[in-house]
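Right, one structure below, let's go through it.
The numbers here are math on the coordinates, done by the rules we state, and not lab data. For clarity, every value in this text was computed on a predicted model and none was experimentally measured. In this analysis, Cβ positions are derived from the backbone assuming ideal geometry, glycine residues included, and neighbour counts consider all displayed protein chains.
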Amino acid sequence: MANNEEVFKKIISHAKEYGFVFQSSEIYDGLSAVYDYGQNGVELKNNIKQYWWNAMVRYHENIVGLDSAIFMHPTIWKASGHVDAFNDPMIDNKDSKKRYRADVLVEDYVAKVEDKINKEVEKAAKRFGDAFDEKQFRETNQRVLDNQVKIDEAKRRLYSSLEAEDLEDVRKLIEDLEIVCPISGSRNWTDVRQFNLMFSTKIGSVTDDSSVIYLRPETAQGIFVNFLNVMKTGRMKIPFGIAQIGKAFRNEIVARQFIFRMREFEQMEMQFFVKPGTELEWFEYWKSARMKWHLSLGLGAENYRFHDHEKLAHYANAAADIEFNFPIGFKELEGIHSRTDFDLNAHQKFSGKKLQYFDPELNESYVPYVVETSIGLDRTFLALMSNAFTEEKLDDGTERVVMKFPPVLAPIKAAVLPLVAKDGLPEKARMIMDDIKSEFMCQYEEKDSIGKRYRRQDAIGTPYCITVDHQTLEDNTVTIRERDSMKQERVSISEVRDIVYRRIKG
Ligand code: GAP
């Protein structure tokens, strides 16, 4: 997959042109970092949800689902730490009036220096050919070593000042690294301040301070506060999990990069409740299980990597991200966190209710530890779009854009196309459509030439096109065209449903 802005721009415009993603409120000039999913986008999104739900809930007998409300008691966010600590350190550039996340400015600086190192390594690899020893080069080349020192020092200072909440030093670090505003090019920075990312609103008709509630910034807390309800009513025994898919809201300041960072987005989260002391084993289990799930999508193992957290949140004793190689580089797609008993303990304290499990083997009660898996639905969508987007030059000199989605996730599974819109072909095609549409999402199309219709289906990633032609009237056969190879085979109408079903599931 090409790794550049040009491709990213093409994917964004393709997403709009073919009804996957629209800017929210577009006719009013849009709402920044908020997006709507169009007719094909919503199908793809639903398929991703189903695929995740099946893997987590259907195939794990000890994981059940939940759909908790977005609005929750405001004390939940006090207990979880979000009111006091769900902050980003922000800095403004006085000339451009643009606001940035201070840590992201430093991380961008680090990425640029890493880029320099990689270019140096690439150059040397070309120069030395087969004899090139990359490890030795990285350990001995002076320019690489100097740049690595810059990276290590910038990271060390950033993390230690954030840890110590020394925002003045974060500002000084930005100055010392001579970081300029990408818009104004100046170094005229304000102080760094903490900015809470939660959206708030008022509930009820009386609007005093006690009526302030928050739009949830993660779905996880809805699971924690229902831990007891689900455990009792579902007769759950530890270890067990609760999974949920739902909207989350964050007032992101650096909200760019299309659906990668949104203010309203969807998460697919699972909290796995375990016996204290076993959490790190479960953490490893879920790291591996979640990576397997990603690999099952077939987007290429080389496009995934783990990033183990060096700096852990105060409630975690282990954390790792699964990163995906988006056109904007390797970025976080899913987080796996060992959250200890922090959340349940905090809710016990703030609510005054016991949130414990009675372990019949130990004959004692304890607050379970939790391993969380948390994946962004929109980022998974973007990963699939980026990986699927393919521009191809065909043997006849023409070009096509084809979305090579895994068939199981493709928005439309099969298109039913009469070769021409006459001679009884549409009627025959409609019969096939009626037969298969209860099984999977299909589309019927008779307008334009067959070539144009194939191109349209390629552009939305339909894996199979079923064409009804004049021979169909004679022998009840149709052709099935496969999207990626464009190969066609003739099969009996009675087999169509089974063939498409088997190939999609396969
Ligand atoms: N409950 C844990 C939690 O919320 P997180 O790392 O803040 O952890 C989990 O978020 C996942 O949610 C991320 O890996 C990412 O895929 C997705 N996500 C977070 N913020 C997002 C945003 N502003 N826009 C789109 N997806 C986002």
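Here the Karplus relation 6.51 cos²θ - 1.76 cosθ + 1.60, evaluated at θ = phi - 60°, turns the backbone of the stretch 192-197 into coupling constants of 8, 10, 7, 10, 6, 8 Hz, with x for every Gly and Pro.
Modelled spin labels at residue 492 and residue 13, positioned 7 Å past Cα toward Cβ, are 4.9 nm from each other.
Annotation note: GluC sites (Glu not before Pro) in the stretch 320-397 located in DSSP loop regions with a Cβ neighbour count of at most 10 within 10 Å are 361.
Other residues with beta-carbon under 10 Å from the beta-carbon of residue 162 carry, at +1 per Lys or Arg and -1 per Asp or Glu, a net charge of -3.
Between residue 148 and residue 391, the C-beta separation translates, for a Förster distance of 56 Å, into a calculated FRET efficiency of about 0.90. Spin-label model, residue 25/residue 471: points 7 Å from Cα along the beta carbon direction are separated by 5.5 nm. For the stretch 60-179, the alpha carbon positions stretch 63, 52, 28 Å along the principal axes, listed from largest to smallest. The trypsin sites (Lys or Arg not before Pro) of the stretch 410-439 meeting both criteria, a DSSP state outside H, G, I, E and B (loop) and at most 11 other C-beta atoms within 10 angstrom of the site's C-beta, are 422. Here each label is just a point 7 Å from Cα along the line to Cβ, and for residue 194 and residue 119 those points are 3.9 nm apart. Can you give the percent of C-alpha pairs in the chain whose distance is more than 39 Å? When all Cα pairs of the chain are counted, 37 percent exceed 39 Å.
Annotation: amide H of residue 226 has no partner in the under-5 Å range at sequence separation 5 or more or interchain, hydrogens built in the peptide plane.
Taking a spot 7 Å from the Cα of residue 420 along the direction of its beta carbon, which residues of the stretch 471-486 have an amide N less than 15 Å from it? Counting backbone N atoms under 15 Å from the label point, the list is 471-474. The alpha carbon centroids of the stretch 1-55 and the stretch 378-448 are separated by 18 Å.
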